[in-house]
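Notes follow once the structure below has been shown.
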Amino acid sequence: MLNVCDIQVMKPLLAQHGFHFSKAKGQNFLIAPWVPASIAQEAGVDETAGVLEIGPGIGPLTQQLCLRAGKVCAVEVDTRLEPILKQTAGDFSNLEILWGDILKQDIPALVAEKFPGLRPMACANLPYYITTPILSALLEADCFDTVTVMVQKEVAQRIAAAPGTADYGAFSVFCQYYTEPELLFDVPPNCFLPQPKVTSAVITLRRRAARPWNVTDEAAFFHVVRSSFAMRRKKLSNGLTAGFPELGKAGAEDVLKVCGFPENVRGETLGIPEFARIANEITSRRAAK
Ligand code: SAH
(Lines give C-alpha, C1' and ligand atoms only; values in the text may rest on other atoms or scores of the structure.)
Protein backbone atom coordinates (compact mmCIF):
# COMPACT_ATOMS: atom_id res chain seq x y z
CA MET A 1 0.00 0.00 0.00
CA LEU A 2 1.38 3.35 -1.04
CA ASN A 3 2.19 5.48 2.02
CA VAL A 4 0.59 8.63 0.66
CA CYS A 5 1.24 10.54 3.90
CA ASP A 6 4.96 10.26 3.34
CA ILE A 7 5.99 13.55 1.79
CA GLN A 8 8.70 11.69 -0.19
CA VAL A 9 5.90 9.66 -1.76
CA MET A 10 3.27 12.37 -2.02
CA LYS A 11 5.30 15.04 -3.77
CA PRO A 12 6.44 12.92 -6.74
CA LEU A 13 2.95 11.41 -6.97
CA LEU A 14 1.33 14.83 -7.24
CA ALA A 15 4.02 16.04 -9.66
CA GLN A 16 3.61 12.97 -11.85
CA HIS A 17 -0.06 13.85 -12.29
CA GLY A 18 0.54 17.58 -12.60
CA PHE A 19 -1.68 18.16 -9.56
CA HIS A 20 -1.79 21.52 -7.79
CA PHE A 21 -3.69 22.16 -4.57
CA SER A 22 -6.95 24.04 -4.83
CA LYS A 23 -7.47 26.50 -2.01
CA ALA A 24 -11.07 27.02 -3.14
CA LYS A 25 -11.77 23.33 -2.57
CA GLY A 26 -10.25 23.42 0.92
CA GLN A 27 -7.43 21.06 0.06
CA ASN A 28 -5.01 20.42 2.92
CA PHE A 29 -3.65 16.89 2.58
CA LEU A 30 -2.42 14.85 5.52
CA ILE A 31 1.32 14.21 5.70
CA ALA A 32 1.41 12.50 9.13
CA PRO A 33 0.51 8.78 8.92
CA TRP A 34 -0.56 8.57 12.57
CA VAL A 35 -3.47 10.95 11.92
CA PRO A 36 -5.59 8.95 9.43
CA ALA A 37 -4.79 5.72 11.31
CA SER A 38 -5.95 7.26 14.61
CA ILE A 39 -9.10 8.70 13.04
CA ALA A 40 -10.14 5.32 11.63
CA GLN A 41 -9.17 3.55 14.86
CA GLU A 42 -10.90 5.91 17.27
CA ALA A 43 -13.99 6.13 15.09
CA GLY A 44 -14.43 2.42 15.83
CA VAL A 45 -14.61 1.40 12.20
CA ASP A 46 -14.91 -2.38 11.78
CA GLU A 47 -16.23 -4.90 9.25
CA THR A 48 -19.83 -4.22 10.34
CA ALA A 49 -19.48 -0.56 9.29
CA GLY A 50 -20.49 1.15 6.07
CA VAL A 51 -18.44 4.34 6.02
CA LEU A 52 -19.25 7.47 4.09
CA GLU A 53 -16.07 9.46 3.55
CA ILE A 54 -16.17 13.05 2.34
CA GLY A 55 -13.22 14.43 0.41
CA PRO A 56 -10.81 11.48 0.16
CA GLY A 57 -8.16 13.62 -1.57
CA ILE A 58 -5.34 11.24 -2.47
CA GLY A 59 -6.65 8.66 -0.04
CA PRO A 60 -4.75 8.54 3.28
CA LEU A 61 -7.90 8.17 5.39
CA THR A 62 -9.61 6.17 2.64
CA GLN A 63 -6.89 3.51 2.90
CA GLN A 64 -7.25 3.27 6.69
CA LEU A 65 -11.03 3.03 6.43
CA CYS A 66 -10.89 0.38 3.71
CA LEU A 67 -8.54 -1.74 5.84
CA ARG A 68 -11.18 -1.88 8.59
CA ALA A 69 -14.69 -1.32 7.16
CA GLY A 70 -17.23 -3.57 5.48
CA LYS A 71 -17.61 -0.94 2.81
CA VAL A 72 -16.40 2.60 2.14
CA CYS A 73 -18.16 5.05 -0.10
CA ALA A 74 -16.08 8.18 -0.73
CA VAL A 75 -17.53 11.36 -2.24
CA GLU A 76 -14.97 13.65 -3.88
CA VAL A 77 -15.69 16.76 -5.91
CA ASP A 78 -12.30 17.20 -7.60
CA THR A 79 -12.13 14.81 -10.57
CA ARG A 80 -8.44 15.69 -11.13
CA LEU A 81 -7.82 13.27 -8.24
CA GLU A 82 -9.28 10.29 -10.10
CA PRO A 83 -6.04 8.82 -11.53
CA ILE A 84 -4.20 9.39 -8.23
CA LEU A 85 -6.87 7.74 -6.07
CA LYS A 86 -6.91 4.85 -8.49
CA GLN A 87 -3.23 4.36 -7.82
CA THR A 88 -3.42 4.78 -4.02
CA ALA A 89 -6.72 3.04 -3.20
CA GLY A 90 -7.84 1.36 -6.43
CA ASP A 91 -7.02 -2.13 -5.14
CA PHE A 92 -9.60 -2.08 -2.36
CA SER A 93 -12.62 -4.13 -3.43
CA ASN A 94 -14.74 -2.60 -0.64
CA LEU A 95 -14.31 0.97 -1.96
CA GLU A 96 -16.72 2.90 -4.15
CA ILE A 97 -15.91 6.46 -5.19
CA LEU A 98 -18.62 8.91 -6.14
CA TRP A 99 -17.44 11.96 -8.06
CA GLY A 100 -19.53 14.92 -7.03
CA ASP A 101 -20.38 17.55 -4.45
CA ILE A 102 -21.40 16.11 -1.08
CA LEU A 103 -23.82 19.01 -0.57
CA LYS A 104 -25.76 17.90 -3.65
CA GLN A 105 -26.24 14.30 -2.50
CA ASP A 106 -29.39 12.87 -0.96
CA ILE A 107 -27.50 11.42 1.99
CA PRO A 108 -30.21 9.17 3.52
CA ALA A 109 -30.90 7.69 0.06
CA LEU A 110 -27.20 7.19 -0.58
CA VAL A 111 -26.73 5.43 2.77
CA ALA A 112 -29.74 3.17 2.17
CA GLU A 113 -28.47 2.27 -1.30
CA LYS A 114 -24.77 1.77 -0.54
CA PHE A 115 -24.77 0.25 2.95
CA PRO A 116 -27.56 -2.35 3.17
CA GLY A 117 -27.01 -4.53 6.24
CA LEU A 118 -24.14 -2.37 7.48
CA ARG A 119 -23.90 0.11 10.34
CA PRO A 120 -23.64 3.56 8.72
CA MET A 121 -20.83 5.83 9.85
CA ALA A 122 -19.39 9.04 8.47
CA CYS A 123 -15.70 9.79 8.63
CA ALA A 124 -13.74 12.62 7.08
CA ASN A 125 -11.01 15.18 7.11
CA LEU A 126 -13.48 17.86 6.08
CA PRO A 127 -12.92 20.72 3.66
CA TYR A 128 -13.07 23.56 6.20
CA TYR A 129 -14.82 26.10 3.99
CA ILE A 130 -18.02 24.06 4.18
CA THR A 131 -17.72 22.41 7.60
CA THR A 132 -21.06 23.71 8.89
CA PRO A 133 -23.24 22.80 5.88
CA ILE A 134 -21.66 19.34 5.62
CA LEU A 135 -22.06 18.61 9.33
CA SER A 136 -25.62 19.92 9.27
CA ALA A 137 -26.47 17.63 6.36
CA LEU A 138 -24.82 14.63 8.04
CA LEU A 139 -26.68 15.17 11.32
CA GLU A 140 -30.03 16.01 9.75
CA ALA A 141 -29.76 12.80 7.71
CA ASP A 142 -30.12 11.18 11.15
CA CYS A 143 -28.82 7.84 9.93
CA PHE A 144 -25.21 7.63 11.10
CA ASP A 145 -24.22 5.75 14.24
CA THR A 146 -21.26 8.08 14.55
CA VAL A 147 -19.87 11.02 12.63
CA THR A 148 -16.12 11.35 13.17
CA VAL A 149 -14.53 14.35 11.53
CA MET A 150 -11.51 16.56 11.55
CA VAL A 151 -12.47 20.22 11.74
CA GLN A 152 -10.88 23.45 12.89
CA LYS A 153 -10.25 23.12 16.61
CA GLU A 154 -12.33 26.19 17.31
CA VAL A 155 -15.30 24.58 15.55
CA ALA A 156 -14.80 21.35 17.51
CA GLN A 157 -14.92 23.34 20.74
CA ARG A 158 -18.11 25.09 19.67
CA ILE A 159 -19.74 21.78 18.78
CA ALA A 160 -19.00 20.28 22.20
CA ALA A 161 -19.48 23.45 24.30
CA ALA A 162 -21.55 23.42 27.47
CA PRO A 163 -24.23 26.02 28.31
CA GLY A 164 -22.89 29.18 29.87
CA THR A 165 -19.49 29.03 28.14
CA ALA A 166 -18.24 31.47 25.51
CA ASP A 167 -18.13 28.75 22.81
CA TYR A 168 -21.75 27.72 23.35
CA GLY A 169 -24.13 28.74 20.58
CA ALA A 170 -26.91 27.67 18.24
CA PHE A 171 -24.58 25.23 16.44
CA SER A 172 -23.69 23.54 19.76
CA VAL A 173 -27.38 23.03 20.48
CA PHE A 174 -28.01 21.77 16.94
CA CYS A 175 -25.21 19.19 17.15
CA GLN A 176 -26.02 18.13 20.70
CA TYR A 177 -29.71 17.74 19.84
CA TYR A 178 -28.87 14.90 17.46
CA THR A 179 -25.67 13.57 18.99
CA GLU A 180 -23.31 13.40 21.95
CA PRO A 181 -20.04 14.99 20.81
CA GLU A 182 -16.65 13.99 22.18
CA LEU A 183 -13.37 15.72 21.39
CA LEU A 184 -10.77 13.09 20.52
CA PHE A 185 -7.42 14.76 19.77
CA ASP A 186 -5.76 17.85 18.30
CA VAL A 187 -3.83 17.88 15.04
CA PRO A 188 -1.23 20.63 14.55
CA PRO A 189 -0.87 22.56 11.26
CA ASN A 190 2.43 20.83 10.41
CA CYS A 191 0.55 17.57 9.78
CA PHE A 192 -0.80 18.98 6.49
CA LEU A 193 0.38 20.13 3.11
CA PRO A 194 -0.19 22.97 2.59
CA GLN A 195 -0.33 23.94 6.27
CA PRO A 196 -3.60 25.49 7.41
CA LYS A 197 -3.36 28.59 9.61
CA VAL A 198 -5.22 27.00 12.50
CA THR A 199 -4.96 23.95 14.71
CA SER A 200 -7.36 21.15 13.83
CA ALA A 201 -9.16 18.66 16.03
CA VAL A 202 -10.87 15.33 15.56
CA ILE A 203 -14.29 15.01 17.09
CA THR A 204 -16.75 12.16 17.20
CA LEU A 205 -20.49 12.73 17.35
CA ARG A 206 -22.50 9.75 18.56
CA ARG A 207 -26.11 9.61 17.51
CA ARG A 208 -28.51 9.70 20.46
CA ALA A 209 -30.50 6.48 20.60
CA ALA A 210 -33.21 8.36 22.49
CA ARG A 211 -33.52 12.08 22.98
CA PRO A 212 -34.04 12.69 26.69
CA TRP A 213 -36.48 15.55 26.19
CA ASN A 214 -39.79 16.08 24.51
CA VAL A 215 -39.97 18.53 21.61
CA THR A 216 -43.45 18.87 20.09
CA ASP A 217 -42.35 20.92 17.07
CA GLU A 218 -38.71 20.69 15.96
CA ALA A 219 -38.94 23.70 13.67
CA ALA A 220 -40.22 25.83 16.57
CA PHE A 221 -37.49 24.45 18.83
CA PHE A 222 -34.68 25.41 16.44
CA HIS A 223 -36.33 28.77 15.84
CA VAL A 224 -36.29 29.45 19.59
CA VAL A 225 -32.61 28.48 19.71
CA ARG A 226 -31.64 30.69 16.78
CA SER A 227 -33.69 33.60 18.12
CA SER A 228 -32.10 33.43 21.52
CA PHE A 229 -28.52 33.35 20.21
CA ALA A 230 -29.18 36.04 17.59
CA MET A 231 -29.15 38.47 20.51
CA ARG A 232 -26.89 36.60 22.85
CA ARG A 233 -25.80 39.64 24.82
CA LYS A 234 -29.39 40.52 25.64
CA LYS A 235 -32.12 39.09 27.79
CA LEU A 236 -33.82 36.08 26.24
CA SER A 237 -37.16 37.91 26.26
CA ASN A 238 -35.74 40.34 23.67
CA GLY A 239 -34.58 37.54 21.38
CA LEU A 240 -37.93 35.78 21.67
CA THR A 241 -39.84 38.98 20.97
CA ALA A 242 -37.81 39.52 17.80
CA GLY A 243 -38.01 35.88 16.70
CA PHE A 244 -41.71 35.44 17.50
CA PRO A 245 -43.38 38.78 16.75
CA GLU A 246 -46.82 37.21 17.24
CA LEU A 247 -46.06 36.89 20.97
CA GLY A 248 -45.27 40.53 21.53
CA LYS A 249 -42.99 41.62 24.35
CA ALA A 250 -45.53 40.82 27.07
CA GLY A 251 -46.21 37.41 25.56
CA ALA A 252 -42.52 36.55 25.36
CA GLU A 253 -42.03 37.58 28.99
CA ASP A 254 -45.05 35.53 30.03
CA VAL A 255 -43.75 32.42 28.22
CA LEU A 256 -40.50 32.64 30.20
CA LYS A 257 -42.37 33.19 33.46
CA VAL A 258 -44.69 30.23 32.89
CA CYS A 259 -41.63 28.08 32.10
CA GLY A 260 -40.17 29.05 35.47
CA PHE A 261 -37.32 31.31 34.34
CA PRO A 262 -36.35 34.62 35.93
CA GLU A 263 -37.35 37.69 33.91
CA ASN A 264 -33.71 38.50 32.97
CA VAL A 265 -32.70 34.94 31.94
CA ARG A 266 -30.20 34.73 29.07
CA GLY A 267 -30.37 32.11 26.36
CA GLU A 268 -26.70 31.25 26.47
CA THR A 269 -27.16 29.71 29.92
CA LEU A 270 -29.91 27.30 28.85
CA GLY A 271 -29.53 23.66 27.86
CA ILE A 272 -31.62 21.66 25.42
CA PRO A 273 -34.34 20.66 27.96
CA GLU A 274 -34.85 24.35 28.83
CA PHE A 275 -35.08 25.43 25.19
CA ALA A 276 -37.51 22.55 24.65
CA ARG A 277 -39.72 23.78 27.49
CA ILE A 278 -39.88 27.26 25.96
CA ALA A 279 -40.51 25.96 22.44
CA ASN A 280 -43.27 23.63 23.64
CA GLU A 281 -44.98 26.48 25.50
CA ILE A 282 -44.91 28.64 22.37
CA THR A 283 -46.15 25.73 20.25
CA SER A 284 -49.08 25.07 22.58
CA ARG A 285 -50.04 28.76 22.57
CA ARG A 286 -50.03 28.71 18.77
CA ALA A 287 -52.27 25.65 18.76
CA ALA A 288 -54.70 27.28 21.19
CA LYS A 289 -55.27 30.17 18.81
N1 SAH B 1 -8.94 13.41 3.10
C2 SAH B 1 -7.78 14.01 2.45
C3 SAH B 1 -8.10 15.39 1.84
C4 SAH B 1 -8.63 16.42 2.79
S5 SAH B 1 -8.76 18.01 2.04
C6 SAH B 1 -6.66 14.12 3.45
O7 SAH B 1 -6.93 14.06 4.64
O8 SAH B 1 -5.50 14.26 3.05
C9 SAH B 1 -10.50 18.12 1.70
C10 SAH B 1 -10.97 17.29 0.51
O11 SAH B 1 -12.36 17.58 0.30
C12 SAH B 1 -10.28 17.60 -0.81
O13 SAH B 1 -9.93 16.42 -1.45
C14 SAH B 1 -11.34 18.36 -1.61
O15 SAH B 1 -11.21 18.23 -3.02
C16 SAH B 1 -12.61 17.71 -1.09
N17 SAH B 1 -13.83 18.53 -1.24
C18 SAH B 1 -13.94 19.88 -1.21
N19 SAH B 1 -15.21 20.27 -1.38
C20 SAH B 1 -15.95 19.13 -1.52
C21 SAH B 1 -17.34 18.87 -1.77
N22 SAH B 1 -18.22 19.87 -1.86
N23 SAH B 1 -17.75 17.60 -1.89
C24 SAH B 1 -16.86 16.56 -1.78
N25 SAH B 1 -15.53 16.76 -1.56
C26 SAH B 1 -15.08 18.01 -1.44
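The values are calculated or read from the model by the stated rules, or taken from the named source; none is laboratory data. Note that the structure is a prediction, hence the values are computed from the model and not measured. Positions of Cβ are generated from backbone atoms using ideal geometry, with glycine treated the same way; all protein chains shown enter the neighbour counts. Side chains are part of the model used for accessible areas, which takes the heavy atoms of the whole protein and leaves out ligands, DNA and RNA. Shrake-Rupley method; radii C 1.70, N 1.55, O 1.52, S 1.80 Å.
Using the Cα gyration tensor of the stretch 27-154, with a ≥ b ≥ c the square roots of its eigenvalues, what is the shape: rounded (a/c below 1.5), prolate (a/b larger than b/c) or oblate (neither)?
Since a/c stays below 1.5, the shape of the stretch 27-154 is classed as rounded.
Residue separation times 0.36 nm, minus the C-alpha to C-alpha distance between THR79 and GLU263: what's the value?
60.6 nm
Quick check: Cα centre of the stretch 79-111 to Cα centre of the stretch 12-38, how many Å?
A separation of 16 Å, based on Cα centres.
Just by accessible area at a 1.4 angstrom probe, what is the order of LYS153, LYS114, LYS104 from largest to smallest?
Greatest to least solvent exposure: LYS104, LYS153, LYS114.
How large is ³J(HN,Hα), in whole Hz, for each residue of the stretch 151-161 in order, when computed from phi with the Karplus curve 6.51 cos²θ - 1.76 cosθ + 1.60 and θ = phi - 60°, using x for Gly and Pro?
In residue order, the calculated couplings are 9, 4, 4, 4, 5, 4, 5, 5, 4, 9, 5 Hz.
Amide H of PHE21: which non-local residues (sequence gap of 5 or more, or other chain) have their own amide H closer than 5 Å, using H built in the peptide plane?
Amide H to amide H, under 5 Å and 5 or more residues apart or across chains, PHE21 pairs with nothing.
Got a sec to turn the phi values of the stretch 220-227 into Karplus ³J(HN,Hα) couplings, 6.51 cos²θ - 1.76 cosθ + 1.60 with θ = phi - 60°, whole Hz, x for Gly and Pro?
Those phi angles translate into 5, 4, 5, 5, 4, 4, 4, 4 Hz.
Placing unit charges on C-beta atoms (Lys and Arg positive, Asp and Glu negative, everything else neutral), compute the dipole magnitude of the stretch 143-223 about its Cα centre in debye, rounded to 20.
Rounded to the nearest 20 debye, it is 100 debye.
Note down the magnitude of the dipole of the stretch 69-118 about its Cα centre, charges +1 on Lys and Arg C-beta and -1 on Asp and Glu C-beta and zero elsewhere, to the nearest 20 debye.
Charge dipole, the stretch 69-118, about its Cα centre: 80 debye, nearest 20.
Charges only on Cβ, +1 for Lys and Arg, -1 for Asp and Glu: so what's the dipole of the chain about the Cα centre, in debye to the nearest 20?
Dipole about the Cα centre, nearest 20: 820 debye.
Is there a pair in LYS23/LYS71; LYS71/LYS114; LYS104/LYS197; LYS23/LYS197 whose C-alpha atoms are over 18 Å apart, and which pairs would that be?
Where the Cα-Cα span goes over 18 Å, the pairs concerned are LYS23/LYS71; LYS104/LYS197.
Long-range amide H contacts for VAL187: which residues qualify at under 5 Å (H placed 1.01 Å from N, peptide plane, sequence gap of 5 or more or a different chain)?
Excluding prolines and chain starts, which carry no amide H, the hits are SER200, ALA201, VAL202.
For LYS235, which lysines qualify as cross-link partners when the Cα separation must be under 22 Å and same-chain residues fewer than eight apart are set aside?
LYS249, LYS257
Positive end of the dipole of the chain, charges at C-beta (+1 Lys, Arg; -1 Asp, Glu), about the Cα centre: which of PHE185, ILE58, ALA15 has its Cα farthest in that direction?
PHE185
Rounded if a/c is under 1.5, else prolate if a/b is larger than b/c, else oblate: which is the chain, with a ≥ b ≥ c the root eigenvalues of its Cα gyration tensor?
Prolate, since a/c reaches 1.5 and a/b exceeds b/c.
Over the chain, what relative contact order in percent results from Cα pairs under 8 Å that are six or more residues apart?
So the answer I get is 14 percent.
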